[in-house]
Amino acid sequence: MNYLLLIICSVFALASGSSKTLPISSFDEGFSHLFGDNNLQILKDGKSVHLSLDQRTGSGFLSHNLYLHGFFSASIKLPDYYTAGVVVAFYMSNGYMYEKNHDEIDFEFLGNIRGTEWKIQTNIYGNGSTDVGREERYSLWFDPSDDFHQYTILWTQDHIIFYVDDIAIREIKRTKSMDRDFPSKPMKLYATIWDASQWATSEGKYKVNYKYAPYVAEFSNFILHGCTVDSVELLSLQCDPETISDSIIPMERTKLESFRKKHMKYSYCHDKMRYKKPPSECVLDPKEA
Ligand SMILES: *[C@@H]1O[C@H](CO)[C@@H](O)[C@H](O)[C@H]1NC(C)=O
């Protein structure tokens, strides 16, 4: 065990009881520009960024560091009005390092024909498991283009939890059977906006309409609270799984369940067209099976 990293992880555990006590990173501390030249704009406060999509290009940024587990969060305000075909993504990936066996943890916001109807999608891939999508889609209890809301990915050795504000909306437990499909290699954090006319809105029926461009997604209050991994000696650094698990925000299971009951529009577990037999981690209500 690397001692420096143990210390970093312990501080991380102590600081975490709730997301509100975690430090906010400025854009420059945490991130670099990924693509889209001046469609990425850092605001004067240094903590907020605008990502735009226009006819020329989308835009995006990525974290300087690679992380193995942690708490990753941003306040996001989505573009409003007509946003069909527009996708805003806030995600972790290591696709640039592992072309064939990458890992991914995704929040994707899928635009729609009127601003109030954004849908959120969550998904994960582990070690190149792109043949098994684990997508879920939800509506929200607010209009995400009206104001900033906090979106969080918590990733530990055996759990992934997606939060919207302080409400856990999805928990993925690492089960024996999903094993290699659970993200387990260091990843970077990304945010992008792009044209997904091909699939984003009603299976591609509604395309991006550049009459309404630029589409601007606003990001602020970044929390990058994970165990950093040396990008050269990947395997030489290890995080202490115990201390990371301790940092989970207490999850209110009744709120999670009531969110899912009311707002879940799609789950891969119920998609019989794709999976005759749902992936083994799916626990279906026997009444529905
Ligand atoms: C991940 O994928 C690589 C390359 O396909 C493979 O060699 C490795 O055994 C896989 N790891 C696990 C844990 O399945």
Let me make sure I get this right: for region 25-174, a, b and c are the square roots of the gyration tensor eigenvalues over alpha carbons, sorted descending. Under 1.5 in a/c it's rounded, otherwise prolate if a/b > b/c, else oblate. Which is it? rounded
Before I look further, what does region 117-169 give for accessible area per residue, probe 1.4 Å, in whole square angstrom? 29
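Counting only protein heavy atoms, what percent of the accessible surface of region 24-274 is carbon or sulfur at a 1.4 Å probe?
Values: 5280 of 11140 Å².
C and S atoms contribute 47 percent here.
Please say if region 36-83 is rounded, prolate or oblate, where rounded means a/c under 1.5 for a ≥ b ≥ c the square roots of the C-alpha gyration tensor eigenvalues, and otherwise the choice is prolate for a/b larger than b/c and oblate otherwise?
On the way: a/c = 1.77, a/b = 1.64, b/c = 1.08.
It is prolate, given that a/c is not under 1.5 and a/b is the larger ratio.
Quick one: if the Förster radius is 22 Å, what FRET efficiency do His64 and Ile24 give, using the C-beta to C-beta distance and rounding to 0.05? Walk me through the intermediate numbers first.
On the way: r = 16 Å, r/R0 = 0.72.
The computed FRET efficiency comes out at 0.90.
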HN-Hα J couplings of region 203-218 from phi, Karplus 6.51/-1.76/1.60, θ = phi - 60°, integer Hz, Gly and Pro as x? 6, x, 5, 10, 9, 5, 10, 6, 4, 9, 6, x, 8, 10, 9, 10
So, taking all protein chains as they sit and a 1.4 Å probe, how much accessible area belongs to Phe148, in Å² rounded to tens? 80
For each pair in Lys47/Lys188; Lys100/Lys265; Lys77/Lys119, compute the distance between the two Cα atoms and list the pairs where it is over 21 Å. Lys100/Lys265
Taking the Cα centre of region 24-274 as origin, sum charge times position over the Cβ atoms of Lys and Arg (+1) and Asp and Glu (-1), and report the length of that vector in debye to the nearest 20. 900
At what distance in nm do the modelled label points of Leu43 and Gln157 sit from each other, each positioned 7 Å from its Cα along Cα→Cβ? 4.0
So for region 98-142, using the alpha carbon gyration tensor with a ≥ b ≥ c as root eigenvalues (a/c under 1.5 gives rounded; past that, a/b versus b/c decides prolate or oblate), I'd call it prolate
Among all the aspartates and glutamates, which ones have a C-alpha under 16 Å from Lys176's C-alpha, if same-chain residues fewer than 8 places away are not counted? Asp158, Glu281
Backbone HN-Hα couplings from phi across region 174-185 [Karplus 6.51/-1.76/1.60, Hz, Gly and Pro as x]: 6, 9, 4, 6, 8, 3, 6, 7, 8, x, 9, 10
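The values are calculated or read from the model by the stated rules, or taken from the named source; none is laboratory data. Small disclaimer: the values here were computed from a predicted structure and weren't measured. Don't worry about glycine lacking a Cβ; one is built from the backbone with ideal geometry, like all the others, and counts go over all protein chains shown. Surface accessibility is based on the protein's heavy atoms, side chains included, excluding ligands, DNA and RNA. Shrake-Rupley method; radii C 1.70, N 1.55, O 1.52, S 1.80 Å.
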